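Reading through the structure tokens given below for one structure.
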Amino acid sequence: MTEQTNAGITRDDALALLREHLKNERLIAHCMASEAIMRALAPRFDQDPEIWGIAGLLHDLDYEITGEDSASHGDVSAKLLEPKGVSPEIVNAIRKHNAEGLGLERSTIFEHALTCAETITGLIVATALVYPDKKIASVKTKSVTKRMKTPHFARAVSRERIMECEKIGIPLNEFTSISLEAMSEIALELGL
């Protein structure tokens, strides 16, 4: 068992909670990819990778409950996490990754980072899946940024949300590179 940090929950407990609420393995993989990117971003801002990682891991905790209902997605997660003593900083970031649907505004680096990190995972996975081997290791930064400019490719992926990386001072190419590297490190767990 890992030691509890300022996150208010251990990574092991967070993963168990995620698996309790999500049964779709692709959605769990998306959450793990988001966690990896958030852990990679945290040191850049002198933040705790454990806190940022847990936010990435739990950001879609309520997705199988709320589905496409943007008026409650993130809010239900917050209501599940608050009684468990999860850090308010994590809970707020999770809530605000769906700020548009909840009528909120993202205002912190943490909130913007979670939003762009969880969103780019979809573009990276879609890019990997067009390669013959369907492996993240084959994907290059240039391939992802090129597809970013093709609106019909992975059309459900919000380019605007990915571009929030610039609001936290990371240019798109660099953000894509960080994200690719982070996801490559857990490629086996992601099945890519």
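Rule-based calculations on the coordinates, nothing more; no lab input. No experiment lies behind these values; they were computed from the predicted model shown. Cβ sites come from the backbone with ideal geometry, for glycine too, and all protein chains shown count toward neighbours.
Before moving on, here are some points about what is shown:
- Among the residues of the range 129-147, those that are out of contact with any Ser or Thr (no Cβ under 7 Å at 6 or more places or on another chain) and in a helix (DSSP H, G or I) comprise L129, S138, K142, K146.
- If the condition is being more than 16 Å from S34 (Cβ to Cβ) and not basic (K, R), then the range 110-134 contributes T127, L129, V130, Y131, P132, D133.
- A count restricted to the range 7-50 and to residues that are hydrophobic (A, V, I, L, M, F, W, C) and more than 19 Å from I124 (Cα to Cα) stands at 10.
- Within the range 69-85, tally of residues that are under 17 Å from the mean Cα position of the chain (by Cα) and of a type in the set (D, E, K, R): 1
- In the set (1) within 25 Å of T176 (Cβ to Cβ); (2) of a type in the set (K, R); (3) part of a loop (DSSP other than H, G, I, E, B), R44 fails one condition alone, (3).
- Filter result for E111 (crowded, with 17+ Cβ neighbours inside 10 Å, closer than 18 Å to H73 by Cα and free of Cβ contacts under 8 Å to residues at least 40 places away in the same chain): yes
- Residue satisfying condition, being among the charged types (D, E, K, R) and surrounded by 18 or more Cβ atoms within 10 Å (Cβ to Cβ), within set E174, E181, E164, E185: E164
- Within the range 148-175, the set of residues being within 20 Å of A40 (Cβ to Cβ) and either assigned to a loop (DSSP other than H, G, I, E, B) or in contact with a Pro (Cβ under 6 Å, 6 or more places away or on another chain) (or both) comprises V157, G169, I170, P171.
- Considering E118, E89, the condition of being of a type in the set (D, E, K, R), outside any loop (DSSP other than H, G, I, E, B) and crowded, with 23+ Cβ neighbours inside 10 Å is satisfied by E118 alone.
- Boolean, A71 is in contact (Cβ under 8 Å) with a residue 12 or more places away in the chain and under 18 Å from I168 (Cβ atoms): no
- Any hit, the range 130-151, residues being hydroxyl-bearing (S, T, Y) and within 16 Å of the chain's Cα centre (by Cα): no
- Considering residues of the range 27-57 that are charged (D, E, K, R) and in contact with a helix residue (DSSP H, G or I) (Cβ under 9 Å, 6 or more places away or on another chain) only, the residue surrounded by the most Cβ atoms within 10 Å (Cβ to Cβ): E35
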